[in-house]
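Below you'll find the structure, written out as structure tokens, and then a few comments.
The values are calculated or read from the model by the stated rules, or taken from the named source; none is laboratory data. Predicted, not measured: the structure shown is a model, and the values here were computed from it. We place every Cβ from the backbone using ideal geometry, glycine too, and count neighbours over all the protein chains shown.
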Amino acid sequence: NDIYLNGLDGRLPPFTTDLTLLGSSAREHLDSGAFGYVAGAAGSGSTHRANREAFDRHRLVPRMLRGPQARDLRTTVLGTEIPAPVLLAPVGVQSIIHPDGELATARAAAAVGVPMVLSTASSHTIEQVAEAHGADNPRWFQLYWPNDDDVCVSILERARKAGYTTLVVTLDTWTLAWRPQDLDQSYLPFIRGVGTAIPFSDPAFRAGLDKSPEDDLIPAVLRWVPMFTGTDHSWDQLPFLRRHWDGPIVLKGVLHPDDARRAADAGMDGIVVSNHGGRQVDGAIASLDALPPIVEAVGERMEVLFDSGVRTGSDVLKALALGARAVLVGRPYAYGLAHGGEEGVLHVLRSLLADLDLTLGLSGHRTPAELSRDSLQGGL
Ligand code: FNR
């Protein structure tokens, strides 16, 4: 309604409300390295494209004349009450997208009440982002699980002290993939941004260095690379994380039903079905295609979240209809950040939630819980 009323006054949105177009307009706000980092994908980009194609193959079947239309998007995810089934996915080194980086994202997330999942590769510290996020807002922490147990425990303790409730452990990025857009730039923008990232400010990490990363970045990067890229954990090490985190633990990057079963067997609280937005295994299955068999395998035992390719309200509905409890969005809000910092992220979030609300209602539903496989046709 705000948008129609703004139209009466001749006021326009700050940038497009079509979140599928944000990638091309964000290019104007970013240098080529930063744009390549955000927009880029693994290899030929086939999985990145497949994520969107899978949404196009599934179609909503709207229902009519269903009486009063008061809608309620609220839901709970792992015990956290949230205003809509949407979370901000962990996106690293946001300072290369906008100088305010994760601080701007945290403020926008707080304004809407949507949980932000803070990346281990954040370019602002855990504590700074928590402060920007405000005391009462739900915040989750994403762990890139390092090879060094002391550094791991130190990071987890800082996150817990700063009020992060849920731990998201990303499994699919134990090393960075073949990403031509980043390789062509020698990962330069990434390295520039990661130099201030959480591990670099961590006391346990810095204890292994002669000089601080601020004085000499090279030894710090040389310590960081083997610790965070090329890690070699296995299922039998999950109890270590359980010992050092007393809240819910979610494994992110699960695509095979057998891995989902292993996560449930290991007592994990949830998983994120995700192919990292097509950034890790080129040729991997579309994330939406991986969702139904995983929900069938473990849907009764744990909460199943979803990401990769969500751009519109209708995409959210399709993932929920296939059994996801909530979705995470990555690039859309990163592009919003590029367009206008906190205001840009806010515009993206408000647009997505308004689209979700309208499309839910126009499909004949009042709450996310009403969606089921019956709400959809197609998928092959
Ligand atoms: C990511 N993603 C990611 N995931 C993670 O667990 N830790 C991280 O630090 C990052 N960093 C990151 C940076 C950028 C620029 C992007 C685009 C993505 C993956 C992210 O959490 C999520 O899985 C995908 O972004 C979802 O796909 P869409 O929404 O971008 O299509």
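Brief remarks on what is shown
- All positions within the range 139-186 that are over 21 Å from the mean Cα position of the chain (by Cα), of a type outside the set (Gly, Ala, Ser) and not in a helix (DSSP H, G or I): Asn147, Asp148, Asp184, Gln185
- Some residue of the range 62-85 being aliphatic (A, V, I, L, M), without any contact (Cβ under 8 Å) to a residue 12 or more places away in the chain, out of contact with any strand residue (DSSP E or B) (no Cβ under 7 Å at 6 or more places or on another chain) and assigned to a loop (DSSP other than H, G, I, E, B): yes
- Number of residues in the range 280-311 that are out of contact with any Ser or Thr (no Cβ under 7 Å at 6 or more places or on another chain), within 14 Å of the ligand (Cβ to nearest atom) and within 18 Å of Leu87 (Cβ to Cβ): the value is 4.
- The set of residues in the range 264-279 being away from the ligand (no atom under 11 Å from the Cβ), among the hydrophobic types (A, V, I, L, M, F, W, C) and either surrounded by 24 or more Cβ atoms within 10 Å (Cβ to Cβ) or not in a helix (DSSP H, G or I) (or both) consists of Ala266, Met268, Ile271.
- Unique residue being farther than 20 Å from Val114 by Cα, assigned to a helix (DSSP H, G or I) and not hydrophobic (A, V, I, L, M, F, W, C) when the list is Pro292, Pro332: Pro292
- Long-range neighbours under 7 Å by Cβ, at least six apart or interchain, first residue over 17 Å from Ala326 (Cα atoms) within the range 281-299, second within 13 Å of the ligand (Cβ to nearest atom) and among the charged types (D, E, K, R): Ala286/Glu53
- Where a residue in the range 151-171 is over 24 Å from Ala220 (Cβ atoms) and its partner, wherever it lies, is within 14 Å of the ligand (Cβ to nearest atom) and charged (D, E, K, R), with Cβ under 8 Å and at least six apart: Val168/Lys252; Leu171/Lys252
- Meets criteria (modelled with pLDDT of 95 or more, touching a helix residue (DSSP H, G or I) at 6+ places or on another chain (Cβ under 9 Å) and away from the ligand (no atom under 11 Å from the Cβ)) for Ala89: no
- The conditions of being in contact with a Pro (Cβ under 7 Å, 6 or more places away or on another chain), over 24 Å from Trp140 (Cβ atoms) and in a helix (DSSP H, G or I) are met by Gly340.
- Screening Asp246 with (1) part of a loop (DSSP other than H, G, I, E, B); (2) more than 22 Å from Leu305 (Cα to Cα) gives one miss only, at (2).
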